[in-house]
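Peer 1: One structure follows; several queries about it will come next.
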């Protein structure tokens with residue numbers, strides 16, 4: 001993918017939750033496209049390891065320890081990025097996690113902790129990193145939500161609620177800041193193989209069962225999400241604003257194929 005086609009060369013791009021998984025894939029993709037990348041994560045060691053890897057490949061990258069649920073931590077991260085790299089052009093809000101629990105028994109502490117990172121953290125980062133975008137009259141925010149934002153994931157505490165909130169937050173940013181040149185779009189990943197889910201795939205037959213409920217008949221990889229994030233972060237998507245892109249291999253289109261219909265079903 002040519003850096004000239006994407007138009008991200010020397011643009012400052014910030015990725016949260018960048019130490020592993022989808023965030024790391026996005027950071028690598030941005031760096032390969034010529035962007036100067038700031039990697040934010042609570043996992044400072046993981047961030048620094050990836051930043052060092054990117055710098056060794058002659059890319060511009062810095063690691064910034066940041067708890068996106070804390071306003072002071074986000075403000076400090078934004079200042080560091082500004083001083084070391086310059087004005088932010090694109091923000092990829094990706095940091096998130098899950099604490100399991102049914103609605104009956106999930107603790108209020110766990111519920112609030114998930115919302116603080118998965119939803120409030122996106123607002124805090126958008127406020128901080130969009131300031132130079134709004135001043136310049138251009139910029140992009142990419143919000144990584146989830147297929148669980150549209151289809152409730154049971155026994156997962158506040159996860160689905162937080163990701164559904166991300167979709168509305170993303171659209172609200174588009175409406176409020178769009179007139180100032182800032183675009184805001186969301187990605188809804190389906191089943192993606194990451195370090196957090198890797199253990200599941202060690203079970204015999206598990207991957208085949210998951211693949212069978214997608215139209216593409218495979219489980220997604222972090223790179224599948226990174227490719228879409230790069231496009232949305234780039235000027236090539238200049239007229240895409242307030243959009244929600246489902247990147248799930250067609251899983252969300254499989255409902256009727258999963259209903260038993262003798263002679264018709266392929267799944």
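Peer 1: Have a look at 114, 81 and point out the one that is farther than 14 Å from residue 38 by Cβ and modelled with pLDDT of 95 or more.
Peer 2: On inspection, the qualifying residue turns out to be 114.
Peer 1: Only one residue in 41, 67, 58, 87 is under 18 Å from the mean Cα position of the chain (by Cα) and either surrounded by fewer than 23 Cβ atoms within 10 Å (Cβ to Cβ) or farther than 17 Å from residue 129 by Cα (or both), so which one is that?
Peer 2: Answer to the selection: 67.
Peer 1: Here are some residues: 167, 196. Which one is in contact with a strand residue (DSSP E or B) (Cβ under 7 Å, 6 or more places away or on another chain), more than 25 Å from residue 33 (Cα to Cα) and touching a residue at least 60 places away in the same chain (Cβ under 8 Å)?
Peer 2: Within the list 167, 196, the selection yields 167.
Peer 1: Determine the pairs where a residue that is on the phi > 0 side of the Ramachandran plot and surrounded by fewer than 22 Cβ atoms within 10 Å (Cβ to Cβ), located within region 135-162, has a partner that is outside any strand (DSSP E or B) and modelled with pLDDT of 95 or more with Cβ atoms under 8 Å apart, the partner being 6 or more residues away or on another chain.
Peer 2: Taking only residues 6 or more apart or on different chains, the pairs are 137/180; 137/181; 155/100; 155/102.
Peer 1: Any residue at all in region 256-267 that's in a loop (DSSP other than H, G, I, E, B), closer than 22 Å to residue 18 by Cβ and touching a residue at least 12 places away in the same chain (Cβ under 8 Å)?
Peer 2: No; the residues of region 256-267 include none that is in a loop (DSSP other than H, G, I, E, B), closer than 22 Å to residue 18 by Cβ and touching a residue at least 12 places away in the same chain (Cβ under 8 Å).
Peer 1: Just the residues that are in contact with a strand residue (DSSP E or B) (Cβ under 7 Å, 6 or more places away or on another chain) and surrounded by fewer than 18 Cβ atoms within 10 Å (Cβ to Cβ), please, taken from region 222-244.
Peer 2: Scanning region 222-244 gives 240, 242, 243, 244.
Peer 1: I'd like to verify a number: residues in region 90-131 that are out of contact with any helix residue (DSSP H, G or I) (no Cβ under 7 Å at 6 or more places or on another chain) and surrounded by 17 or more Cβ atoms within 10 Å (Cβ to Cβ), how many?
Peer 2: Qualifying residue count, region 90-131: 6.
Peer 1: Which condition number in (1) on the phi < 0 side of the Ramachandran plot; (2) modelled with pLDDT of 95 or more; (3) surrounded by fewer than 19 Cβ atoms within 10 Å (Cβ to Cβ); (4) out of contact with any helix residue (DSSP H, G or I) (no Cβ under 9 Å at 6 or more places or on another chain) is the one that residue 2 fails?
Peer 2: (2)
Peer 1: Regarding residue 119, is this residue within 13 Å of the chain's Cα centre (by Cα), closer than 25 Å to residue 179 by Cβ and at pLDDT 95 or above?
Peer 2: yes
The values are calculated or read from the model by the stated rules, or taken from the named source; none is laboratory data. Quick caveat: nothing in here was measured; it's all calculated off a predicted structure. Using ideal geometry, Cβ is built from the backbone for each residue, glycine included, and neighbour counts are taken over all protein chains shown.
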